[in-house]
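Working notes, structure below.
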Amino acid sequence: MIGRLIDGRYQVRSRIARGGMATVYLATDLRLERRVAIKIMHGHLADDNAFKARFVQEARSAARLAHPNVVNVYDQGQDADMAYLVMEYLPGITLRDLLKDYGRLTSEQTMDILEAVLSGLAAAHKAGIVHRDLKPENVLLADDGRIKIGDFGLARAVNNNTATGQALLGTIAYLSPELVTRGIADARSDIYALGIMTYEMLTGEQPYVGEAPMQIAYQHANDTVPMPSTRVPTIPHELDELVSWATARDPENRPRDARVMLDQLQDVDMTVRASSADETALQPTMILATGLPSAVADAETQILGAKPLATATKPRTPTPPATPDNAARLTDKARKRKRKGYWLFALVILLAALAGGTGWYFGSGPGSLIAVPQLVSASPEDATGQLTKLGLEAKLGTQYSGTIAAGLVASTDPGAQARVAKGSTVTLRVSQGPQPITLPVLAGLSTEAATAAITDLKASVGATDSVFDGDVAAGTVISASRESDAGDVSQGGGYFEGLKVNLVVSLGPIPDVAGKSVDDATAILTDKGLVAKPGEQTYSDTVPEGDVIKASAAGDGPVRVGDTFSLTISRGPEPVVVPNVIGMSWNDGKKALTDLGFALSYNPGADAISALLKVQSTDPVAGTSAPKGSTIALKPTNPFG
């Protein structure tokens with residue numbers, strides 16, 4: 001492969017890496033004169049349409065993302081029997097290589113890498129793409145410091161929950177519990193894998209090990225990931241909590257997507273780095289050396305670490321003390337006592353003023369204000385009792401609420417913790433339950449119009465299921481149902497605020513591939529996200545040999561992206577055995593052949609005297625197989641002997 005020119009454009013230079021599905025090479029794009037990474041599918045997989053479809057899916061998934069933390073995809077195509085993918089070339093190493101070299105990373109290094117990965121993953125989740133194969137091998141660390149996510153080969157568009165028909169996708173060490181037990185992946189499955197990666201970066205090892213893959217899968221499904229600090233005690237507890245949140249066994253207890261986790265990581269990052277800076281700022285207590293020279297000890301100012309001045313060692317001439325006058329001394333003492341009396345009097349006045357001010361503050365001043373308690377979800381009777389004990393008045397009001405049960409306090413006015421004077425009135429707004437709403441007819445609306453109509457009424461869209469439908473235009477809602485009980489709401493009607501509505505949206509008709517070649521039919525179905533596989537071969541009078549008669553879905557029910565179609569291939573017209581009509585009357589012989597679908601070739605003049613003629617011979621001869629619709633040459637007998 002080294003030195004080969006692919007598609008007349010990409011000159012292969014050297015091999016970078018090899019995986020289970022493809023090999024990655026360094027190549028030069030001769031048209032744009034730049035280095036690229038080109039991913040070429042292994043030859044033994046070239047005939048597998050499922051792998052080809054996954055290869056195309058990787059290109060489409062990555063091409064939908066334009067983010068500095070996602071590897072760019074430039075091109076995709078096929079050269080002879082080779083399917084290839086052209087990507088941005090990043091000289092550097094993978095996160096796996098880094099972990100092999102250093103064992104484990106510091107908290108700061110882990111947070112830096114995690115922030116970059118979460119930024120790229122947040123863009124994928126926002127675009128509706130689940131990666132499904134996050135692991136250190138797919139995190140690229142460029143020599144210039146850039147960090148990018150690569151290998152979207154298993155990525156799928158997400159419709160709330162994305163089910164996979166294959167056994168288990170992704171590397172077993174990073175599979176979420178729901179992928180192990182139910183084969184279902186969504187954005188929270190990526191978060192779980194990222195939590196396992198974070199654990200591995202902090203500790204240098206994976207949380208679960210086993211001799212067989214199923215042992216590891218069992219631990220993912222049934223055990224709780226331990227906190228990293230149980231392995232490395234110096235890890236901050238904030239990172240422990242982040243890992244525990246990301247690896248919760250129940251997906252509902254994890255961040256709903258990468259953006260939510262990224263926001264939390266940024267808060268954790270500031271806290272951890274601030275704590276680290278504080279610890280660095282603390283200095284140990286300095287123990288000064290004992291036994292200072294007497295000359296230095298006598299000096300009025302000590303300069304630590306400096307050399308003593310030469311004059312500091314010279315002896316000083318002592319000055320004899322002055323003898324104070326006794327009268328002057330007594331006068332000075334009296335003056336000091338008088339000043340002390342003034343200070344005591346001033347202190348008493350100050351304390352009295354302080355006591356009076358405190359009494360005013362808490363009696364009738366700002367300190368007399370009362371904080372409104374938290375009364376949401378309390379019964380009106382209980383809430384009224386609490387306000388009465390605080391010296392406040394209660395007044396009842398009403399309010400619709402989709403979160404507080406009917407009959408309980410939904411909110412207060414003023415709100416909780418607001419400070420009010422004694423005797424003030426607090427309005428208790430009692431929940432009337434969810435606000436009634438009237439949904440419009442949703443069937444027949446575009447997806448955008450249906451979503452706007454639902455959200456404008458303070459309802460929300462639950463799952464969106466896309467299916468092929470020949471009677472409904474692409475992007476149009478086919479039906480709608482309540483998420484809670486699958487009740488049909490396609491035709492609208494009266495419901496309540498907070499309703500969650502599932503939508504079934506049309507992808508348009510399934511492409512008609514009848515009469516197409518197998519390659520053309522496969523390409524057409526693949527372009528629609530469907531998988532085509534050659535099926536049975538059968539005879540056809542109308543479809544040429546080797547072309548597709550029809551494409552049939554593998555199962556019953558609605559057809560979705562990713563479903564498999566079986567191609568029925570024509571063997572051409574069915575061969576028919578030429579009957580023996582020799583010796584039969586001319587008209588009877590002709591009828592016997594035309595009834596079998598053969599065309600006839602003979603002298604037209606024979607029909608004028610058909611009553612006198614019999615069939616003398618046929619070409620092809622009787623007993624020979626000939627395609628239905630082919631021509632049989634007839635020769636009549638000589639009526640004149």
- Message: Within segment 1-112, considering only strands (runs of 3 or more DSSP E) that don't extend past its boundaries, which have at least 2 residues that are over 27 Å from Met201 (Cα atoms) and not assigned by TED's automatic domain parsing to the domain that holds Glu238?
- Response: 10-18, 22-29, 34-41, 73-79, 82-88
- Message: Need the failing condition index for Gln432 against (1) out of contact with any helix residue (DSSP H, G or I) (no Cβ under 7 Å at 6 or more places or on another chain); (2) loosely packed, with under 13 Cβ neighbours inside 10 Å, just the number.
- Response: (2)
- Item | Scope segment 522-552; condition touching a residue at least 24 places away in the same chain (Cβ under 8 Å) and under 32 Å from the mean Cα position of the chain (by Cα); matching residues | Thr522, Leu525, Thr526, Lys528, Gly529, Leu530, Val531, Ala532, Lys533
- Message: So, in segment 23-74, how many residues would count as being touching a Lys or Arg at 6+ places or on another chain (Cβ under 7 Å), at pLDDT 75 or above and farther than 20 Å from Ser119 by Cβ?
- Response: 9
- Message: I need every pair where a residue in segment 471-500 that is closer than 23 Å to Pro558 by Cα has its Cβ under 9 Å from the Cβ of a residue that is of a type in the set (Asp, Glu) and crowded, with 18+ Cβ neighbours inside 10 Å, sequence separation at least 6 or different chains.
- Response: Thr476/Asp469; Ile478/Asp469
- Residues Gln215, Gln219: which one is in a helix (DSSP H, G or I), free of Cβ contacts under 8 Å to residues at least 40 places away in the same chain, closer than 16 Å to Ser244 by Cα and not hydroxyl-bearing (Ser, Thr, Tyr)? Gln219
- Query: From Ala59, Ala27, Ala83, which residue is within 18 Å of Gly529 (Cα to Cα), touching a residue at least 12 places away in the same chain (Cβ under 8 Å) and more than 24 Å from the chain's Cα centre (by Cα)?
  - Reply: Ala83
- Note on the structure: Counted residues in segment 533-550 being assigned to a strand (DSSP E or B) and surrounded by 13 or more Cβ atoms within 10 Å (Cβ to Cβ) come to 9
- Item | Some residue of segment 496-503 being in the same structural domain as Ala450 (by TED's automatic domain parsing), of a type outside the set (A, V, I, L, M) and at pLDDT 90 or above | yes
- Scope segment 483-505; condition closer than 10 Å to Ala459 by Cβ and in a strand (DSSP E or B); matching residues: Tyr495, Phe496, Lys500, Val501
- Query: Do we have Ala453 as out of contact with any Leu (no Cβ under 6 Å at 6 or more places or on another chain) and among the hydrophobic types (A, V, I, L, M, F, W, C) here?
  - Reply: yes
- Taking the options Gly629, Gly583, Gly597, Gly623, name whichever one is within 60 Å of the chain's Cα centre (by Cα) and on the phi > 0 side of the Ramachandran plot. Gly629
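The values are calculated or read from the model by the stated rules, or taken from the named source; none is laboratory data. Just so you know, these numbers come straight off a predicted model, no measurement behind them. Every residue, glycine among them, receives a Cβ derived from its backbone with ideal geometry; neighbour counts consider all protein chains shown.
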